[in-house]
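Enquirer: Got a structure for you, questions after.
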Amino acid sequence: MSSSEFQVISDFGPLSTREAGARARSSVLSAMEIAAVVTLDFTDARPSPSFADELVGGLAAKLGREVFLRRVRIVGLDAAVRPLLNHVVATRLKQSQAASDNSSAEKPNAKDRRQLAPV
Amino acid sequence: MSSKPGVEFHGPTFLRPYHFAVLANQVHRLDATRVTVPKAFQGYASRMRLWQSVGLEPPNKVTERNPGGRFHPLSPIVSEMTAQNIARDILAVFRGAGTSDKATLNAIDTALSEIFSNCFFHAEAGREICGLACAQSWPYARLAQVVVADIGIGIRSSLGANLAYSERLKSENAAELATELGVTSKPAPGGAHSGYGLTVARQLMEKHGGSLLLLSGNDGFRATEHGSQARELRVPWRGTIVALEWRTDRPFDIGAVYRAWPKDGDEDEFF
């Protein structure tokens with residue numbers, strides 16, 4: 001499997017709207033169908049929180065922590081943008097975890113399922 | 001003779017974007033067919049497109065001078081794209097006024113993009129025009145003001161759609177609540193909004209000597225570097241008004257805003 005690289009500023013700009021961030025996320029997910037690792041080069045990129053949330057936070061939520069960290073490389077980050085990206089990833093992963101926990105809590109366990117089975 | 005109302009304006013002697021945004025929205029709300037302002041202000045009001053922004057003819061024709069570096073006239077937000085275009089055009093005002101620092105321009109662009117997009121996504125005005133935005137810089141006073149206002153459902157109703165805030169809204173100021181990091185009426189995964197816009201705008205102003213004024217329904221909130229104040233408005237505004245004012249001789253660092261956001265130690269360090 002190959003790797004793929006995006007220059008965030010030129011491939012996805014302008015980096016301000018949720019819509020643009022969602023489009024960028026779709027492009028990255030498409031690239032991941034054939035590439036083992038996708039690199040996002042943020043050199044000179046100053047995304048808005050909404051864009052960063054949709055692109056990077058959205059990828060983390062979709063892929064899960066382990067796959068996201070293994071298959072998405074982020075390089076060229078400016079010191080001002082780094083805490084934003086850390087924040088959107090942490091927040092989206094926590095939301096996904098909470099949604100997953102809630103979903104598990106609502107599912108009946110094996111014993112409950114036996115009791116619920118029609119006789 | 002039209003049965004639609006007219007609006008006569010008796011206002012302060014020094015007009016800011018705030019006044020134009022409020023007046024134009026009120027005209028829009030009433031579907032007024034004429035607006036009368038004191039003759040002394042007519043030229044200025046016309047250049048700020050007070051009439052034109054809501055589809056009316058101005059009382060006098062003015063030469064549309066290039067406003068570069070001075071102001072951005074009232075502009076309707078009708079889509080996320082127009083919201084972004086207005087943010088970009090307002091940025092040109094500050095470039096023209098002498099702000100050349102890239103980090104400062106990026107911070108202004110980020111804050112404006114977020115609050116103008118908020119207007120489009122959350123105002124729910126039920127009309128083609130979601131809201132109106134305008135800006136002015138006063139180079140000699142080294143001061144700038146940007147305002148976006150709408151006649152939508154207001155912050156309290158908007159946040160009320162998220163049951164997570166039901167209890168807090170019973171006792172708290174909705175405008176202040178909306179500036180908290182992560183507070184949104186449309187959370188992910190269903191709504192896919194994350195509540196960054198007003199937080200970024202507030203914290204950017206607080207950290208750099210500016211001010212955020214937020215008025216919605218009966219809820220009023222103001223934040224500056226000296227502290228914040230929430231209060232009940234004597235005259236409610238049906239909709240939402242966001243006004244940012246700052247000194248143009250102080251550079252902005254949006255990284256300082258992001259670095260101050262809470263995190264759970266090293267676990268939240270991915271990059």
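The numbers here are math on the coordinates, done by the rules we state, and not lab data. From a predicted model like this one, the values you see are computed outputs, not experimental measurements. FYI the Cβ positions are ideal-geometry reconstructions off the backbone, even for glycines, and counts take in every protein chain you see.
Enquirer: Between residue B:60 and residue A:67, what is the spin-label point distance in nm, taking each point 7 Å from the Cα along the Cα→C-beta axis?
Expert: Label at residue B:60, label at residue A:67, 6.7 nm between them.
Enquirer: Where a ≥ b ≥ c are the square roots of the eigenvalues of the C-alpha gyration tensor, would you call the protein assembly as shown rounded, which needs a/c under 1.5, or, failing that, prolate if a/b is larger than b/c, or oblate?
Expert: Details: a/c = 2.11, a/b = 1.56, b/c = 1.35.
In terms of gyration-tensor shape, prolate.
Enquirer: Another one. Using 0.36 nm per residue, how much length does the chain from residue B:256 to residue B:166 gain when fully extended, once their Cα-Cα distance is taken away?
Expert: Details: separation 90, 0.36 × 90 = 32.40 nm, distance 3.16 nm.
Residue separation times 0.36 nm, minus the Cα-Cα distance, leaves 29.2 nm.
Enquirer: Could you order the peptides A:92-101, B:216-225 from most to least packed, using the average number of other C-beta atoms within 10 Å per residue?
Expert: B:216-225, A:92-101
Enquirer: Does chain B come out rounded, prolate or oblate by the C-alpha gyration tensor, with a ≥ b ≥ c the root eigenvalues, rounded set by a/c under 1.5 and, if not, prolate when a/b is larger than b/c and oblate if not?
Expert: Judged from the Cα gyration tensor, chain B comes out oblate (a/c at least 1.5, b/c at or above a/b).
Enquirer: Using a 10 angstrom cutoff on alpha carbons, build the Gaussian network for chain B and name the most mobile of B:212, B:74, B:56.
Expert: B:56
Enquirer: A follow-up question, please. Projected onto the charge dipole of chain B (+1 at Lys/Arg Cβ, -1 at Asp/Glu Cβ, origin at the Cα centre), which of B:86, B:121, B:18 gives the Cα projection farthest towards the positive end?
Expert: B:18
Enquirer: Something else: Calculate the mean, over all residues of peptide A:12-19, of how many other protein chain Cβ atoms lie within 10 angstrom of the residue's Cβ. List each step's numbers first, then the result.
Expert: Values: counts 0, 0, 5, 3, 12, 8, 6, 4.
Mean inter-chain Cβ contacts per residue within 10 Å come to 5.
Enquirer: Oh, and also: For residue B:152, what residues show an amide H to amide H distance below 5 Å, using hydrogens built from the backbone and excluding near sequence neighbours?
Expert: It is B:240, by chain and number.
Enquirer: Also, I was wondering about something else. Compare the Cα positions of A:14, A:77, A:102 along the charge dipole of the range A:2-116 (+1 at Cβ of Lys, Arg; -1 at Cβ of Asp, Glu; about the Cα centre) and return the one farthest towards the positive end.
Expert: Positive-most Cα among the choices belongs to A:102.
Enquirer: May I ask you to order A:21-33, B:238-250 by the average number of other C-beta atoms within 10 Å around their residues, highest value first?
Expert: Packing order, densest peptide first, comes out as B:238-250, A:21-33.
Enquirer: What FRET efficiency, computed as 1/(1 + (r/R0)^6) with R0 = 45 Å and r the Cβ-Cβ distance, is obtained for residue A:78 and residue B:235, rounded to the nearest 0.05?
Expert: 0.55
Enquirer: Tell me, what is the FRET efficiency for residue B:78 and residue A:35 to the nearest 0.05, using R0 = 51 angstrom and their Cβ-Cβ distance as r? Mind showing how you got there, number by number?
Expert: On the way: r = 39 Å, r/R0 = 0.76.
Taking R0 as 51 Å, the efficiency between residue B:78 and residue A:35 is 0.85.
Enquirer: Under 5 Å between amide H atoms, partner at least 5 residues away or on a different chain: which partners does residue B:7 have, H built in plane at 1.01 Å?
Expert: Those qualifying (amide H under 5 Å, at least 5 residues apart or on another chain) are B:34, B:35, B:36.
Enquirer: Here is a further query. Mind checking the dipole of the range B:15-257: about its Cα centre, +1 per Lys or Arg Cβ, -1 per Asp or Glu Cβ, Debye to the nearest 20?
Expert: Working: 26 positive and 22 negative charges, 151 e Å.
Dipole about the Cα centre, nearest 20: 720 debye.
Enquirer: Summing Lys, Arg as +1 and Asp, Glu as -1, what charge do residues with Cβ under 9 Å from the Cβ of residue B:252 carry, residue B:252 excluded?
Expert: 0
Enquirer: In peptide B:79-85, what is the residue-averaged number of other protein chain Cβ atoms found within 10 Å of each Cβ? Each step should come with its number before you reach the end.
Expert: Details: counts 0, 6, 2, 0, 2, 6, 0.
Whole-number average of other-chain Cβ neighbours for B:79-85 is 2.
Enquirer: In debye to the nearest 20, how big a dipole does the range A:2-116 give about its Cα centre with +1 on each Lys and Arg Cβ and -1 on each Asp and Glu Cβ? Intermediate values should be presented prior to the final figure.
Expert: On the way: 16 positive and 13 negative charges, 120 e Å.
Using only the charged Cβ atoms, the result is roughly 580 debye.
Enquirer: Output ³J(HN,Hα) for the range B:114-119: one whole-Hz value per residue in order, computed from phi by the Karplus curve 6.51 cos²θ - 1.76 cosθ + 1.60 with θ = phi - 60°, and x for Gly and Pro.
Expert: In residue order, the calculated couplings are 5, 6, 6, 5, 3, 4 Hz.
Enquirer: Net charge around residue B:59, counting only other residues with Cβ within less than 14 Å of its Cβ (Lys, Arg = +1; Asp, Glu = -1)?
Expert: On the way: positive: B:34, B:39, B:47, B:49, B:61; negative: B:8, B:57.
Once all neighbours under 14 Å are counted, the net charge is +3.
Enquirer: Moving to a separate point now. Each residue of the range B:239-252 in order: what ³J(HN,Hα) in whole Hz does its phi give by Karplus 6.51 cos²θ - 1.76 cosθ + 1.60, θ = phi - 60°, with x for Gly and Pro?
Expert: Each residue of the range B:239-252 in turn: x, 9, 10, 10, 10, 10, 9, 8, 7, 7, 9, 10, x, 9 Hz.
Enquirer: Ok, one more. Label 7 Å along Cα→Cβ of residue A:11; the range A:32-55 residues with amide nitrogen under 15 Å?
Expert: A:32-45, A:55
Enquirer: First select every other residue whose beta carbon is under 15 angstrom from the beta carbon of residue A:43; then total the charges, Lys and Arg +1, Asp and Glu -1.
Expert: Values: positive: A:46, A:73, A:82, B:102; negative: A:5, A:11, A:41, A:44, A:78.
Local charge sum for residue A:43: -1.
Enquirer: Does the range B:145-271 come out rounded, prolate or oblate, given a ≥ b ≥ c as the square roots of the eigenvalues of its C-alpha gyration tensor, rounded meaning a/c under 1.5 and, failing that, prolate meaning a/b above b/c? Please list the in-between numbers first.
Expert: Working: a/c = 1.93, a/b = 1.11, b/c = 1.73.
Oblate shape, in that a/c is at least 1.5 and b/c is the bigger or equal ratio.
Enquirer: I'd like the FRET efficiency for residue B:34 and residue B:89, computed as 1/(1 + (r/R0)^6) with the beta carbon distance as r and R0 of 35 Å, rounded to 0.05.
Expert: Using R0 = 35 Å, I get an efficiency of 0.80.
Enquirer: Could you grab the relative contact order for the range B:70-150? Cα pairs under 8 Å, six or more apart, rounded to a whole percent.
Expert: 41
Enquirer: Put +1 on the Cβ of every Lys and Arg and -1 on every Asp and Glu Cβ in the protein assembly as shown; which of B:213, B:36, B:71 then has its Cα farthest towards the positive end of the dipole?
Expert: Ranked along the dipole, the leading option is B:36.
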